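The values are calculated or read from the model by the stated rules, or taken from the named source; none is laboratory data. Just so you know, these numbers come straight off a predicted model, no measurement behind them. Neighbour counts are summed over all protein chains in view; Cβ atoms, including those assigned to glycine, are modelled from backbone coordinates with ideal geometry.
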Amino acid sequence: MTPQRRQSWFVLIMLMVAHAVNDGFIWVIPPLLPAIRGYFNLSYTEMGAFYTAYNVAGSVFQAPAAYLVHLAPISLILTGGLLWSSIGMCLASMSSSYGLLVGVSAISGIGRSTYHPLAVTILSRLFGKESFGRALALHLSASSAGMVIAPFLVALLLTRFNWRLPLQLWSVLGILAGLSLFFFLRRQTRLDLQPKSKTVQWPFFSPSMGIYLLAVGIWGISQSGLMAFLPLFLVDHRQFSTEAAAVTYGIMSFSGTVCRPFSGALMDWMGRRKPVIVGGFIVASISILGIATIDNLLTLYPAIVLLGIFGTGHTGLADTLLIEMVPSQRREETLGFYYTMRMGIASLAPVMVGWASEQISLPNCFLSLALVAGLSALLLSLVKERPME
């Protein structure tokens, strides 16, 4: 392995740590919702609005955040965003009212907007087509690791403390990860992390990208709505305790963490991405259907494990299909626009599902989300895959 190649893998490891903490804020909230509901006496709609406010802020600012590479070093942008989000969520955890919790967490969510477009662009440049699938899969598994650790942390702490402490501890992790990433990236002088002589351009677009964006936008509604309300579904409709629901959420996440690198390696080995991607969305759709209809725990858990493998982070793995459609020098602004659209649409799902569950029940909402996931798989089958060189 060449020194530059070894350095690239070190960059990946550091970004994996930052990714785990950055996305961990998304996953630490759902297992806390039953406890937050009891503390503030909230409805499904109000809980969905809280989660939506945080996610919307972290989504819609990704497009403008991607253009910050013209003004400041990537190391400073990534670190600043992670510190903003971490300090903000620590303050949100001290909220004395529901309105203050929603407002402060929404402001905190803005910090999350800097991470995805810049980190994924860095990886796409450091790793060529022959290994990008594996690199991105490992990066996504780090996010899933945060998704594993956060629910288990919640389950452990809720037995003795209230809902505030898990958010505060995760915020401390975010501050430490942000500072570590900043000093590490500043030392990577041999790698071209910052685009040179880059001009301001509009996002790149093609018809296949339009179909892809529609498909993953639809899937994002299903995924985000399901992930936000799964612990509540288990507590309200499967007689789980709050702690048991958090542990189950962690088991689902763990299955994705373990299996995702194999999916990425499979795409690299096949020389194609589309069959793995479409197949994964089909399995995820079936898994959601199973969760909504199965009462027996022995059959419920396999559905939850399959959802963890193909539902929790499969969209990120699918993004390899889109990233390779975009010229390298136009990826920051294009991915910033793309993540804003994809995550922005998905971030509206919790409040939509919360409202709908009060009209038709939460189990019926889950059945609808399974159909939505199936539609996204159908649309993805229409995307033209760029041949791998």
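Out of all the residues in the range 125-164, which are part of a helix (DSSP H, G or I) and without any contact (Cβ under 8 Å) to a residue 24 or more places away in the chain? Full working, then the answer.
Filtering the range 125-164 for residues part of a helix (DSSP H, G or I) gives 125-126, 129-158, 164.
Correct list: 156, 157.
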Kindly indicate whether any position in the range 317-329 is more than 22 Å from residue 112 (Cβ to Cβ) and either polar (S, T, N, Q) or modelled with pLDDT of 80 or more (or both).
yes
The lone condition residue 140 fails out of (1) surrounded by 22 or more Cβ atoms within 10 Å (Cβ to Cβ); (2) of a type outside the set (Lys, Arg); (3) under 14 Å from residue 243 (Cβ atoms) is (3)
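Based on what the data block shows, is residue 309 over 21 Å from residue 380 (Cα atoms) and assigned to a helix (DSSP H, G or I)? Steps first, please.
Working: over 21 Å from residue 380 (Cα atoms): no; assigned to a helix (DSSP H, G or I): yes.
Here the answer is no, as residue 309 does not meet what is asked.
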Considering the range 66-84 alone, what residues qualify as being without any contact (Cβ under 8 Å) to a residue 60 or more places away in the chain and of a type in the set (Phe, Trp, Tyr)?
84
Please work out which residue is nearest to residue 58 (Cα to Cα), limiting yourself to the range 10-27 and to residues that are surrounded by 24 or more Cβ atoms within 10 Å (Cβ to Cβ) and of a type in the set (Phe, Trp, Tyr).
25
Could you tell me whether the range 217-225 includes any residue that is of a type in the set (Gly, Ala, Ser), farther than 29 Å from residue 46 by Cα, under 17 Å from the mean Cα position of the chain (by Cα) and surrounded by 23 or more Cβ atoms within 10 Å (Cβ to Cβ)?
no
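Whether any residue in the range 191-211 is at pLDDT 85 or above and in a helix (DSSP H, G or I) is what I want to check.
Step one: of the range 191-211, the residues at pLDDT 85 or above are 211.
Subsequent filtering for residues that are in a helix (DSSP H, G or I) retains 211.
Yes, the range 191-211 contains a residue that is at pLDDT 85 or above and in a helix (DSSP H, G or I).
So, in the range 271-282, how many residues would count as being in a helix (DSSP H, G or I) and either in contact (Cβ under 8 Å) with a residue 60 or more places away in the chain or closer than 16 Å to residue 216 by Cβ (or both)?
Our first condition is that a residue be in a helix (DSSP H, G or I); within the range 271-282, this holds for 274-282.
Narrowing the set further to residues that are either in contact (Cβ under 8 Å) with a residue 60 or more places away in the chain or closer than 16 Å to residue 216 by Cβ (or both) leaves 274, 276-282.
The qualifying residues number 8.
Restricting attention to the range 275-294, and to residues there that are more than 18 Å from residue 368 (Cα to Cα) and surrounded by fewer than 17 Cβ atoms within 10 Å (Cβ to Cβ), which single residue is modelled with the lowest pLDDT? Before the answer, list the steps.
To start, the set of residues in the range 275-294 that are more than 18 Å from residue 368 (Cα to Cα) comprises 275-280.
This time we only want the ones that are surrounded by fewer than 17 Cβ atoms within 10 Å (Cβ to Cβ), so: 275, 279.
On the way: 275: 80, 279: 83.
By that ranking, first place goes to 275.
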Failed condition for residue 325, given (1) assigned to a helix (DSSP H, G or I); (2) touching a helix residue (DSSP H, G or I) at 6+ places or on another chain (Cβ under 9 Å):
(1)
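Having 3 or more residues that are modelled with pLDDT of 80 or more and under 26 Å from residue 222 (Cα atoms) is the bar; report the helices (runs of 4 or more DSSP H) wholly within the range 4-108 that clear it.
Working: elements: 44-60, 62-66, 74-92.
Answer list for the range 4-108: 44-60.
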Check off (1) without any contact (Cβ under 8 Å) to a residue 40 or more places away in the chain; (2) over 25 Å from residue 42 (Cβ atoms) for residue 99 and give me the number that stays unchecked.
(2)
Which residues, taken from the range 161-177, are of a type in the set (Phe, Trp, Tyr) and crowded, with 19+ Cβ neighbours inside 10 Å?
163, 170
Among the candidates 295, 319, 268, which residue alone is outside any helix (DSSP H, G or I) and charged (D, E, K, R)?
295
Going by what's in this entry, would residue 331 be described as touching a helix residue (DSSP H, G or I) at 6+ places or on another chain (Cβ under 7 Å) and over 16 Å from residue 215 (Cα atoms)?
yes
Quick one: residue 84 ticks every box in (1) surrounded by fewer than 23 Cβ atoms within 10 Å (Cβ to Cβ); (2) touching a His at 6+ places or on another chain (Cβ under 8 Å); (3) not acidic (Asp, Glu) except a single one, so which number is it?
(2)
